[in-house]
Structure formats: C-alpha cells, structure tokens
Amino acid sequence: MPKILVFGKTGQLASCLAMCGNEFPNAELVFVGRDECDLEDVHQIAPLIDRVQPDVVVNAAAYTAVDLAEEQADVAFKVNRDAVRAMAEALAKRSVPLIHVSTDYVFDGQASKPYTEQDPVSPLGVYGESKYAGEVAVREANEKHLIIRTSWVFSQFGKNFVKTMLNLMEQRDEIRVVNDQTGCPTSAHDLAWAIIKLSGLVVAKDFDQFSTYHLSSGQSQTWFEFANRIQKVASHVWGDDWKGKDCRITPVPSSEYPTVAKRPGYSVMSSQRFVGSFGIQLPTVEESLSAVIENLRREKSDA
C-alpha cells in the first residue's frame, strides 16, 4: 500500500480516513490540517508535497458552508478551485495521482433519473460553482486524477444530518423535515474505505482508469424518509429506553425552511460506473447507519 497524503484533518471524511487506516496496516496516511497548510495560501501547497513525498494525494478538504459561500465567494473559490489547481499542478510535475472529492451540488436537481458522469452540470449556487471549478482545474492540470462525486455525507464525526436528527428527536415531541429534496445518504466511513482501496490501485504503473466517478449509496430518499430511517435504526440500536423513539416526524416542503443558497431538488447519482470499474459496492444505508449510531452510543456510554 502507498504513502497517502490527505489534505484535511478534522472533517468527516478525513476523520473516517484516519479511522479506516487501522484496517489497512500497510498504508501510511499523513494528514494535513490548516495549521500545517492553509489552503487559502496556494504557495504553501507544493513545498508541503515536497516534504511529505507521497505516492498519492487525497483531497478531503473543502469549503463546505453552502449558505455562507454566497457571501464569501472569494474564500470558497480560493479553497475549492485555486488550492485544488495548485495541488493538481504540483502533483503533475511529480507524476503523482490525485483523488479529489466533489459533490452532487454540481447538478441543478432538475433530473428525474439518477445523474451519470456524462450528464451536464449546472450548479445552483457559489458552493456548487466553486466545487465544479475545482473539478475543471484538476482535469486541466493533472491527467492522473480520480474525481469522486458523493452526496449527503454522514458519520459519527462533526456536524451532519444524522447527528442533528438524533439530538432533535431526543429533545422534541415533533420535528418537521423537508420531503421534496431527494438524494442518496452516504457514509463517510464507507467512502473513506473505498478511497483507501483506490489509493492502492492508482499507484500501479498500468492503472488506466483515471476519470470522474459518482460514489454514493444506491438508496435514494428524501430528507423526511431518511429521518424516519434514522429513528428506526436508532430505536433498534438504543432500545426502548431511547427518548427519541416517540418523536413525531412531520413532512414539510422546502419553502418552510428557506435558505440563502438554493438546494438541488433531486441529486440522486448513479454509482454504476464506479462499481463496474472497481468492483467496490457500498453497504446499505441501514448497515452504515447502524454502525454510526452504535459508535455514537458507545461514545455516550464511555463519556
């Protein structure tokens, strides 16, 4: 297994990459956070790559504040486009492959069937625009790249929908959840595991599948449906004593929760090309949810 440099240290994906690293004892993962390399300063990137001398780089860092990006477009583009270009260019000079993580927000959500890698992009806001600009930069700068688009990421780490719902279910008699946005919830742990597997493949001299791929769970659902699934799994994991099991979940339209940045109404992506190319299939949402909620339960009991 290779020496993997990961840009990102405290986010969901980086945290899960660190967790998964234990399952790949032959892989050496080096994590770089903002203290070691501020991605708003592109001049820090190439010297850091020279110091680490990686076999492959995973970019798990991004500006992800979707609404705030509308006000901070300059920062979003610095991190999601300019830093990514600097990364890709520096790695191209050293013939090192880059695995770059992107998003379903590159699409406008007008589709009625799962998006494929061939479908045209049309971001609705600054966040999606900056992420797509990062994709373009990677493709232009380094032919040795894998761009992995994913969606609705959840884990036991950081802030995410699963943790928010669990907390609200424990605190309230009723929660209201939008039922007109559809996507594919994806476990950051499953994504991390797949990326480490890919890192072992891309360093081979005969690897010829550099391209853009979609990778998310194959189970599309609305946020409302996902909230119900979270409650069901949590009730099973935590049992009858869990306070959130009786919380009523009410479906509402997105108009009830207006946001600064518009969200795609339908962002289901097909992972068929990824599975066909690499033979890696993500577990079901229930399996992944159970693992995350079990880990959260364990954390609570240890606290």
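Rule-based calculations on the coordinates, nothing more; no lab input. Quantities reported herein were computed from a predicted structural model and do not represent experimental measurements. Backbone-built Cβ (ideal geometry, glycine too); neighbour counts: all protein chains shown.
Quick notes
- Residue in segment 100-125 that is farthest from Ala137 (Cα to Cα), counting only those that are among the aliphatic types (A, V, I, L, M) and not in a strand (DSSP E or B): Ala111
- Pair list, Cβ < 9 Å and 6+ apart or interchain, from segment 179-198 residues that are under 19 Å from Thr10 (Cα atoms) and free of Cβ contacts under 8 Å to residues at least 60 places away in the same chain to residues that are buried (at least 24 other Cβ atoms within 10 Å of the Cβ) and among the charged types (D, E, K, R): none
- Any hit, segment 32-48, residues being part of a helix (DSSP H, G or I) and β-branched (Val, Ile, Thr): yes
- Filter result (of a type outside the set (Gly, Ala, Ser), part of a loop (DSSP other than H, G, I, E, B) and under 18 Å from Asp104 (Cα atoms)) within segment 139-159: Trp152
- Some residue of segment 244-261 being farther than 30 Å from Glu135 by Cβ, surrounded by fewer than 18 Cβ atoms within 10 Å (Cβ to Cβ) and among the small types (Gly, Ala, Ser): yes
- When the helices (runs of 4 or more DSSP H) confined to segment 160-264 are screened for residues that are among the β-branched types (Val, Ile, Thr) and over 30 Å from Pro123 (Cα atoms), those reaching at least 1 such residues are found at 223-238.
- Inter-residue pairs, beta-carbon under 8 Å, first within 9 Å of Ala61 (Cα to Cα) and in segment 29-40, second assigned to a loop (DSSP other than H, G, I, E, B) and not charged (D, E, K, R), 6+ apart: Gly33/Thr10; Leu39/Ala61
- Residue in segment 41-57 that is over 23 Å from Lys205 (Cβ atoms) and in contact with a Lys or Arg (Cβ under 7 Å, 6 or more places away or on another chain) present: no
- Residue match in segment 51-63 (condition: surrounded by fewer than 20 Cβ atoms within 10 Å (Cβ to Cβ), hydroxyl-bearing (Ser, Thr, Tyr) and assigned to a loop (DSSP other than H, G, I, E, B)): no
- Among residues of segment 66-98, those that are of a type in the set (A, V, I, L, M, F, W, C), buried (at least 18 other Cβ atoms within 10 Å of the Cβ) and under 10 Å from Val126 (Cβ atoms), counted: 4
Table: residues versus (1) closer than 29 Å to Glu71 by Cα; (2) of a type outside the set (Ser, Thr, Tyr).
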residue: Ala133; (1), (2): yes, yes
residue: Glu140; (1), (2): yes, yes
residue: Trp152; (1), (2): yes, yes
residue: Asn160; (1), (2): yes, yes
residue: Glu174; (1), (2): no, yes
residue: Val177; (1), (2): yes, yes
residue: Thr182; (1), (2): yes, no
residue: Thr186; (1), (2): yes, no
